[in-house]
Amino acid sequence: MKNDFLKNLVIVIVIFFLAIIGQVFLPSMGIFFLGQWPVFIFIFILNFFKKGNFPLFCALMAGALIDFISGLHLGVFALSLFSIALIAQIAQQRLKSSSLASLAVALIVCALCFFGLTHLFFYVFSII
Amino acid sequence: MPKKRGKILSIILIFCVVLLLGKFLSNPLSSVFHKIFSPAEKYFWDKGQKTGTFFFYLFQAKNIYNENQFLKEQNAILARKNSELFDLSKENETLRQAFNLGEKEKFNLLPSQIISKQATQDVILIDKGAEDGLVEGMPVITSSGILIGNIKKANKSFSEVALITLKDFSFDVEVNISGETTTELMALAKGDGSLDLSFDYAEKLIPIPEKSLVFTTSMGGNFPKGLLVGEIEKAQTNPAGLFQTGKIKPYLKDCLGGNVYIIQ
């Protein structure tokens, strides 16, 4: 029980640092295009390999962190990453083989969905 | 089945709650977040800047050496011009006094630090907000007078700055074409997103050479006159069109690391 708590705490800290690195550290180095992708990859892997509600909570929290750091409406990344976490969990249940190829396909599909959803939610928040 | 239905309902509930929070509580929550975490953000921004500079010097050593040689030559030329300008400045001051003209406009600058950049568009966040007297539309520059953008939204403790390269951001500029005589050509600069800037509506008759400097004008009332924007990267004329268009290399690309100043 204590071990699980510590593991989860480490995951939360890693997410915080990945968000800070993507939104603050990399842009200050002149790398602007990576932004939210380190967090996305981490959330995808977490949801693909860990079961239960905790990965979904992590996705929501990570998204909210990115929204706060980049000064966007709360929800643009929070809802996008939450949706991606759901997609990743469904993909993990449906995929019969756990080969590297199927993981790569799932990752590409999720990345495309993430890109689309971010822009969709950004648009939604700009009109409501 | 009821378990699945319960899960779907909770997902819908989460979506609704987040949408409502985003709509009504985004700004206060963001302000509290930045108040708590801005030291960490500043720390990481500073460290990132130093790391970036280290790698830049590491990979660009040869170019830096060549640039240094070129700048030394330029420095010698400019030092000579500077002494000429010093005399002209004194003469100008005497004439202003003689004709009872007021002093030249001086800016009231408020220093601020960048804390992050928005992931989806060319917008940066700075650590000064409405409580420091910032309002929408105030121009933001670097210490060397290079235009960065203007205040897009002033929150309580932080502000969003729209970079001049933000998609659909437009403002009037003048292109200084140096030849036997210096010609100033009016144009409209437009942000293309991803830190790219272009221009349009420049008169077709005067060809614009590459590396011509681009400054702001007071036309349109967005920015004060004379702020440096960048240099012409490419100019082209469509034979069927009425104007010249092209690309501007914005100098802000190299200046996003340091402090910025808000013109109040």
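The single residue among B:LEU25, B:LEU9, B:LEU19, B:LEU13 that is of a type outside the set (Val, Ile, Thr), surrounded by fewer than 14 Cβ atoms within 10 Å (Cβ to Cβ) and closer than 26 Å to B:LYS156 by Cβ turns out to be B:LEU25. Just one residue in the set B:ASP172, B:ASP200, B:ASP196, B:ASP168 is exposed (fewer than 14 other Cβ atoms within 10 Å of the Cβ), among the acidic types (Asp, Glu) and free of Cβ contacts under 8 Å to residues at least 60 places away in the same chain; that residue is B:ASP168. A count restricted to the range B:28-53 and to residues that are within 24 Å of the chain's Cα centre (by Cα) and in contact (Cβ under 8 Å) with a residue 40 or more places away in the chain stands at 10. Only strands (runs of 3 or more DSSP E) whose full extent lies in the range B:194-247 are considered here, and none of them has at least 2 residues that are more than 24 Å from B:GLY145 (Cα to Cα), in contact with a helix residue (DSSP H, G or I) (Cβ under 9 Å, 6 or more places away or on another chain) and among the basic types (Lys, Arg).
Checking each residue of the range A:54-61 against the condition of being within 22 Å of B:PRO39 (Cβ to Cβ) and more than 11 Å from chain B (Cβ to nearest Cβ) gives at least one match. Residue count for the range B:127-158 under the criterion of being over 26 Å from A:LEU81 (Cβ atoms) and assigned to a strand (DSSP E or B): the result is 10.
Can you tell which of B:PHE56, B:PHE70, B:PHE33 is within 14 Å of chain A (Cβ to nearest Cβ) and modelled with pLDDT of 85 or more?
Numbers: B:PHE56 fails: modelled with pLDDT of 85 or more; B:PHE70 fails: within 14 Å of chain A (Cβ to nearest Cβ).
None of the others qualify; the one that does is B:PHE33.
Criterion applied to B:GLN236, B:GLN264 was being under 20 Å from B:LEU125 (Cα atoms) and loosely packed, with under 14 Cβ neighbours inside 10 Å, and the one residue passing it is B:GLN264. Checking A:LEU86, A:LEU120 one by one, the residue that is more than 15 Å from the chain's Cα centre (by Cα) and at pLDDT 85 or above is A:LEU120 and no other.
When the residues of the range B:110-120 are filtered to those that are more than 14 Å from the chain's Cα centre (by Cα) and touching a residue at least 60 places away in the same chain (Cβ under 8 Å), the one that is nearest to A:GLY116 (Cα to Cα) is B:SER116. Among the residues of the range B:252-264, those that are touching a residue at least 12 places away in the same chain (Cβ under 8 Å), out of contact with any helix residue (DSSP H, G or I) (no Cβ under 7 Å at 6 or more places or on another chain) and within 14 Å of another protein chain (Cβ to nearest Cβ) comprise B:LEU252, B:LYS253, B:CYS255, B:LEU256, B:GLY258, B:ASN259, B:VAL260. Of the set (1) more than 14 Å from the chain's Cα centre (by Cα); (2) farther than 21 Å from A:GLY116 by Cα, all apply to A:VAL12 but (1). Of the residues making up the range B:248-264, those that are in a loop (DSSP other than H, G, I, E, B) and either modelled with pLDDT of 85 or more or hydrophobic (A, V, I, L, M, F, W, C) (or both) are B:CYS255, B:LEU256. Can you work out which of the residues in the range A:79-128 that are touching a residue at least 60 places away in the same chain (Cβ under 8 Å) and not small (Gly, Ala, Ser) is farthest from the other protein chains (Cβ to nearest Cβ)? Looking at residues that are touching a residue at least 60 places away in the same chain (Cβ under 8 Å) and not small (Gly, Ala, Ser), I get A:LEU107. Among residues of the range A:50-64 being in contact (Cβ under 8 Å) with a residue 40 or more places away in the chain and surrounded by fewer than 24 Cβ atoms within 10 Å (Cβ to Cβ), the one that is farthest from B:THR165 (Cα to Cα) is A:PHE54. When A:ILE21, A:ILE45, A:ILE15 are checked against the criterion of being at pLDDT 85 or above and touching a Pro at 6+ places or on another chain (Cβ under 8 Å), a single residue qualifies: A:ILE21. In the set (1) modelled with pLDDT under 85; (2) out of contact with any strand residue (DSSP E or B) (no Cβ under 8 Å at 6 or more places or on another chain), B:SER144 fails one condition alone, (2).
The values are calculated or read from the model by the stated rules, or taken from the named source; none is laboratory data. A quick note: this is a predicted structure, and the numbers were derived from the prediction, not measured. Note that each Cβ is placed from the backbone with ideal geometry, even for glycine, and that neighbours are counted across all protein chains shown.
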